[in-house]
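Working notes for the structure below.
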Amino acid sequence: MHDAEPEPEMATFRREVIDFVAANLPSDIKEKVRCNGELQKEDHVRWQTILAAKGWYCAHWPQAVGGAGWSPLRRYVFEQALAEAGAPWMLPFGPAYVGPVIAEYGDDEQKQRFLPDIIASNTAWCQGYSEPGAGSDLAGLKTRARRDGTGYRVNGQKLWTSFAHWADMMFCLARTSDEDRPQNGISFLLLDMRQPGVTIRPIVTMDMRHHVNEVFLDDVFVPRENLVGREGRGWEIAKFLLSTERLIVAETGKARRLLAQVRETAERAREGGQPLFDRPVFRRGFVEAEIALQTLEAYCSRLLKRAALGEQPGYQASLLKIRGSELLQTITALGASVAARTGLALDHEPSAGQNSPPDADAETSGLLREYLSQRAASIYGGSNEIQHNIVAKARFGFQ
Amino acid sequence: MTSLDDLTALREHAFRWVDQAYGEAHERAGRGLAEGYAPGMAAEIAGQGWLAVMVGAQNGGMGGGLREMAAVMEAVGRGLVAEPVLSQGAIAAPLLDRLGTPQARLLLARVLDGTSVTVMMHQEADAGFERTLASSRLTEEDGRFHIHAAKAPVLDAAGAKILLVTALDAAGRTAVVAIEADAPGVRLVRSRSVDGRMLAAVHLDHVAVPADAVLNAGADASAIVETVLEEAALLVCSEACGAIPILVEGTADYLRTRRQFGMPLASFQVLQHRMVDMLLAAEEASAVVEAALDSADGPERKRAFALAKIVTARSARFVAQQAVQLHGGIGMTDDLKVSRYFRRLMQCETMFGDADWHAERFDRLRG
Ligand SMILES: Cc1cc2nc3c(=O)[nH]c(=O)nc-3n(C[C@H](O)[C@H](O)[C@H](O)COP(=O)(O)OP(=O)(O)OC[C@H]3O[C@@H](n4cnc5c(N)ncnc54)[C@H](O)[C@@H]3O)c2cc1C
């Protein structure tokens, strides 16, 4: 348990993070984030390395495994400030997902073998949970890991695996035995992606980008020492992973940045001789989004303050997920509405070197593209319907 | 005006054509092309008369009206037809037909036979959804004309041969000027629209135009232009009304077949109710569009058209968003039609003004 950190200190820390980003984020990366351009793996690694040098990458990990033992509140303030300042989205698979799992459930050898390489950005990870038949109902997964000599042979298909094409390793759930309940008999495995039998097929989403993949596993070998925790206890580990994420699911920092960007683009865009931002209907929509943002921030703060006093959130995390996704969808819809004034252009013909940045068109198109990709925010990581089910059951006992 | 039987036959024929002859490969064929559509297919569509529906018989057209074109646009939405139908059959052709000058009729003939994609460029670059002309100018000096205008991006303009550019003359009348897209001084700025079709904005910096390119021949074309824009806004609603039921039925089918937690998704009550809300949105959109068509010749025309756009835009957004949501991850993929209907409906929703813009208009137009 952490002591509650006084608010003035958090405000100072937030400022420090924003200033750090301003001073240290490479300008090409900054520009890509601003226009929602296509970040490459190398861009992410470059930025992660800068954060690591400052001691701010994986700082929420326990000190014993190379972190700084940050409280959930400090982590929240940090991540929101980073996003607000225009830093790239932090790929969560290593630092936020598998890292904490290995720190909690891994043996010493696993901690040694995997964690330093995550902090140093030497290994990129992906998350292999979902399958064609196992989406909302994750326990329906069919990928099998059968014992074979010194390890397992894994067969099956993973779907929607984000950034599998960049990954060296995948943490995945696979069935090691058939039990009475589908949640039992699932194991948490660390799988080397760079080996025969792993086939990655790209999937293009409606923003016309390649983030997600199908991953086919054909007799892929996972050594016994890459099993995390006990065999058949994967479900419990997956639930632990979710709990570490609880309080940061709402991306309020990103929402702040996008809202500011909507405002800037709407101030530049004109309608009937005046800035679009000054049109009452548009402004009203903007104000509503601002109200929703500040409400969500207040709710996050309230939960984080209580968490600092040892009151762990339960169903509230689902409420944050619902509102967080809705908020990003609302804000980016305003961005799409700005883009609609000029025909909903998603890609621009490269101009003949005339448009030096900042390119207003590129920024507006970036928001439009973000509107498309944010439709997934209410689908992944437990859809909003599933979150409603969770709360109805946890809070009211409805079945 | 055609009879009801003719109208039904036209609609059925158009639906059958998109269902049987116009497949996914056609729909996506234009994506890699500079025009944003397949020129061969565009010619084929012209050949089946879709662009001549609203044109008077004396000008080689079918002599139909809004209802007939609405039926065609429904088919376009249903099949996600990427070729220029709205911009030709619902805008350029009726505009040229109504201008009626000899030069306009010449250009019209080439629209109808599919040899010359012709796109009206009216909206000014800084106008947003507003339709009034402010900075587009046509000047005349010793019988020599010059045009000066910056127009907002318009669908299909990237592949156009002729641009029909509106501008104010010295007397404040609206002129319609035909400009060859590749003429000197014409600067097209191309972009790809969210639905894969191509847009172009045009910048005309005091470009010289021959006298016969001024199609209104001294008359004020503002009423004609306004009528064309109003009707185009309604016809894009018909396009949406063709697309929306595909999403409603497709989503219902998906919920029946996709299983999670050991049962079909269709057994979850929240999804059943969502489907009903989608259906309601679809029914309302069809109802207001039909009402607008019924009121097209009456005193309530403008408000009925605005209402149609408001309700259809909202329905399009709701149905499209929920269709993606209820499909889950697969709904996000470019390969599944659902996301392509989603993106096309974004165009239908906002082209010629979104729901908010038309709601303000709806209020202003109160008698
Ligand atoms: C962009 C993106 C990135 C992703 N990245 C990853 C990744 O890196 N790794 C990974 O493992 N997975 C990833 N996913 C997968 C994601 O977690 C799943 O899409 C999600 O769990 C939903 O599963 P599904 O797509 O199969 O939808 P389904 O479960 O089939 O759901 C379809 C619809 O039915 C609803 N529904 C389902 N069950 C119920 C119920 N009981 N009651 C009411 N409604 C219900 C859902 O809410 C949804 O609207 C990603 C998905 C996307 C879109």
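The values are calculated or read from the model by the stated rules, or taken from the named source; none is laboratory data. Because the structure is a prediction, the values reported are computed rather than measured. Ideal geometry is used to build each Cβ from the backbone, glycine not excepted, and the neighbour counts take in all protein chains shown. The protein model used for the area step is the full one, side chains on, heavy atoms only, and it has no ligands, DNA or RNA in it. Shrake-Rupley method; radii C 1.70, N 1.55, O 1.52, S 1.80 Å.
Structure values in brief
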item	result
Only listed residue being more than 12 Å from chain B (Cβ to nearest Cβ), within 16 Å of the ligand (Cβ to nearest atom) and free of Cβ contacts under 8 Å to residues at least 40 places away in the same chain, chosen from A:Lys321, A:Lys393	A:Lys393
Criterion (closer than 29 Å to A:Thr342 by Cβ and more than 14 Å from chain B (Cβ to nearest Cβ)) met by exactly one of A:Leu258, A:Leu189	A:Leu258
Pairs, first in a helix (DSSP H, G or I) in segment B:317-342, second surrounded by fewer than 22 Cβ atoms within 10 Å (Cβ to Cβ) and basic (Lys, Arg), C-beta under 9 Å, six or more apart	B:Gln322/B:Arg274; B:Gln325/B:Arg274; B:Leu326/B:Arg274; B:His327/B:Arg258; B:Gly328/B:Arg258; B:Ile330/B:Arg258; B:Arg340/B:Arg28
Positions within segment B:233-269 being in contact with a helix residue (DSSP H, G or I) (Cβ under 6 Å, 6 or more places away or on another chain) and open to solvent by 60 Å² or more (accessible area, probe 1.4 Å), in sequence order	B:Arg256
Qualifying residue in segment A:69-81 (condition: out of contact with any Cys (no Cβ under 9 Å at 6 or more places or on another chain), part of a loop (DSSP other than H, G, I, E, B), modelled with pLDDT of 95 or more and of a type in the set (Ser, Thr, Tyr))	no
Among (1) open to solvent by less than 50 Å² (accessible area, probe 1.4 Å); (2) away from every other protein chain (no Cβ under 14 Å); (3) of a type outside the set (A, V, I, L, M, F, W, C) - the single one A:Arg246 does not satisfy	(1)
Residue, least open to solvent (accessible area, probe 1.4 Å), within segment A:182-203, restricted to residues that are charged (D, E, K, R) and outside any loop (DSSP other than H, G, I, E, B)	A:Asp192
Counted residues, segment A:364-384 - those being surrounded by fewer than 20 Cβ atoms within 10 Å (Cβ to Cβ) and among the charged types (D, E, K, R)	0
First in segment A:206-222 and at the interface with chain B (Cβ under 9 Å from one of its Cβ atoms), second anywhere and among the aromatic types (Phe, Trp, Tyr) and buried (at least 23 other Cβ atoms within 10 Å of the Cβ), Cβ under 7 Å, 6 or more apart	A:Met206/B:Phe342; A:Val212/A:Trp160
Sole exception among (1) open to solvent by 10 Å² or more (accessible area, probe 1.4 Å); (2) touching a His at 6+ places or on another chain (Cβ under 8 Å) for B:Leu229, by number	(1)
Exclusive hit being outside any helix (DSSP H, G or I) and open to solvent by less than 30 Å² (accessible area, probe 1.4 Å), set B:Ala104, B:Ala167	B:Ala167
Enumeration of residues in segment A:154-179 that are within 14 Å of chain B (Cβ to nearest Cβ) and more than 16 Å from A:Tyr97 (Cα to Cα)	A:Gln157, A:Lys158, A:Leu159, A:Trp160
Filter result (assigned to a loop (DSSP other than H, G, I, E, B) and either under 23 Å from A:Ala85 (Cα atoms) or of a type outside the set (Lys, Arg) (or both)) within segment A:249-303	A:Val249, A:Ala250, A:Glu251, A:Ala269, A:Gly272, A:Gly273
Residue within segment B:273-284 that is buried (at least 18 other Cβ atoms within 10 Å of the Cβ) and away from the ligand (no atom under 16 Å from the Cβ) present	yes
Top-ranked residue in segment B:133-164 [being basic (Lys, Arg) and surrounded by fewer than 23 Cβ atoms within 10 Å (Cβ to Cβ); ranked as modelled with the lowest pLDDT]	B:Arg144
Search result, residues across segment A:122-172 that are farther than 19 Å from A:Pro182 by Cα, within 13 Å of the ligand (Cβ to nearest atom) and in contact with a helix residue (DSSP H, G or I) (Cβ under 6 Å, 6 or more places away or on another chain)	A:Ala124, A:Trp125, A:Cys126, A:Gln127, A:Trp160, A:Trp166, A:Phe171
Search result, residues across segment B:299-330 that are within 16 Å of the ligand (Cβ to nearest atom), small (Gly, Ala, Ser) and surrounded by fewer than 24 Cβ atoms within 10 Å (Cβ to Cβ)	B:Gly328, B:Gly329
Selected residue (only one of A:Ala124, A:Ala174, A:Ala85 is of a type outside the set (Asp, Glu) and surrounded by fewer than 22 Cβ atoms within 10 Å (Cβ to Cβ))	A:Ala85
Test set (1) assigned to a loop (DSSP other than H, G, I, E, B); (2) under 22 Å from A:Ala336 (Cα atoms) - B:Asp356 fails condition number	(1)
Hits in segment A:279-291 - residues which are within 20 Å of A:Arg257 (Cα to Cα) and more than 8 Å from every other protein chain (Cβ to nearest Cβ)	A:Arg283, A:Arg284, A:Phe286, A:Val287, A:Glu288, A:Ala289, A:Glu290, A:Ile291
Those residues of segment A:211-248 which are in a strand (DSSP E or B) and aliphatic (A, V, I, L, M), in sequence order	A:Val212, A:Val215, A:Leu217, A:Val220, A:Val222, A:Leu227, A:Val228
